[in-house]
1. Take the residues in the stretch 105-128 that are small (Gly, Ala, Ser) and not in a strand (DSSP E or B), then tell me which one is modelled with the lowest pLDDT.
2. I'm checking my understanding of the structure. Among residues of the stretch 205-253 that are in a loop (DSSP other than H, G, I, E, B) and surrounded by 20 or more Cβ atoms within 10 Å (Cβ to Cβ), which one is nearest to the chain's Cα centre (by Cα)?
3. What are the pairs with Cβ atoms under 6 angstrom where one residue, in the stretch 25-41, is buried (at least 24 other Cβ atoms within 10 Å of the Cβ) and of a type in the set (Gly, Ala, Ser) and the other, located anywhere, is modelled with pLDDT under 90 and assigned to a loop (DSSP other than H, G, I, E, B)? Sequence gap at least six, or different chains.
4. Looking at (1) under 21 Å from residue 61 (Cβ atoms); (2) free of Cβ contacts under 8 Å to residues at least 12 places away in the same chain; (3) assigned to a loop (DSSP other than H, G, I, E, B), find the lone condition where residue 181 falls short.
5. Can you say whether residue 186 is assigned to a helix (DSSP H, G or I), of a type in the set (S, T, N, Q) and surrounded by 17 or more Cβ atoms within 10 Å (Cβ to Cβ), as far as the supplied structure shows?
6. Any residue in the stretch 222-239 that's closer than 14 Å to residue 131 by Cα: show its pairings with residues that are at pLDDT 95 or above and surrounded by 13 or more Cβ atoms within 10 Å (Cβ to Cβ) at Cβ separation under 6 Å, as long as the two are six or more apart or on different chains.
7. Are there any pairs with C-beta distances below 6 angstrom linking a residue in the stretch 126-139 that is more than 15 Å from residue 226 (Cα to Cα) to a residue that is not in a strand (DSSP E or B), with the two at least 6 apart or on different chains, and if so which?
8. Say we look at the stretch 13-62 and pick out the residues that are at pLDDT 95 or above, in a loop (DSSP other than H, G, I, E, B) and out of contact with any helix residue (DSSP H, G or I) (no Cβ under 8 Å at 6 or more places or on another chain); which of these is nearest to residue 117 (Cα to Cα)?
Amino acid sequence: MHFDLIQSLCLAGKPDVPNDDRVGNADRHAWVIDGATDLGAPGLLGERGGAAWLSATAQRAFATASGPLRQVCETVFDSVAQAYRQDRRREPLATWELPRAAFAAVAIEGEELVCAHLADCVVLHRSAQGIRFLTPEPDREAEQAEAAALGPGTGAHGVRTPAVLADRRSARERPRAVLGVDAELSREGTFYSRAPVAVGDDVLLMSDGFAALFDTYRAYDPAGFIERLQSHGLDDLARTLRGIEHDDAACLRYPRFKMSDDASAIWLRVG
């Protein structure tokens, strides 16, 4: 068995800000990477922001790695750590400046679909047995509460307002399992799951910006999402996503830290 690419998309949250998401696939593995928004000016890794640097570095590693998924992931972790040692220009100002990302990856191993993930990227699997998340079910309630606590319309002003920036830096200092520049911490934090797989199964990998259709906006349940995907494709779902966000540009109905996040997805079918 192998993966056939049906569709993919990668939308920037703002047209004037680089997209820190990446998606991709090889014959037997696929991935999505969501770089965490930079909370300071570039400098640690040169003129490029840390999120873009990390996403690009991990993308190259996933694209060239091979073997069982655990081996692929460990190759990525080691590649990111080595690249950081080579590319770093100075000491980080604080822990919040270290580049970090969420990721999810899948691989076909024998008759199983193996999934690995760190943080809040999402994998949805449609098979003859039904539709299920291979990653934890999306849940942004805690983040929504944090945004609401900073006052109405927080996200309408972007992450660089002083109150939001201070809050996000403080949150970034809290320990959390992420894809980062310490290979051992990335390795320890990665969760793996397995599910039976067969020819004809659909697999969808998403960054949390796209998965907001489930948890933040509750526009679809998994069955409805897959039905809409199969009938109208990813671009239609993306228009729905951005339409909801545009209609709530002030971030009042749905408290959040950005009007629109980077939103990426890759739709694969097992062949």
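1. 119
2. 207
3. none
4. All conditions are met except number (2).
5. When the stated conditions are applied, residue 186 passes them.
6. 222/131; 223/131; 226/126; 226/131
7. These pairs meet every condition: 138/211; 138/214; 138/215; 139/215.
8. Checking each candidate, the answer is 28.
The values are calculated or read from the model by the stated rules, or taken from the named source; none is laboratory data. Because the structure is a prediction, the values reported are computed rather than measured. Every residue, glycine among them, receives a Cβ derived from its backbone with ideal geometry; neighbour counts consider all protein chains shown.
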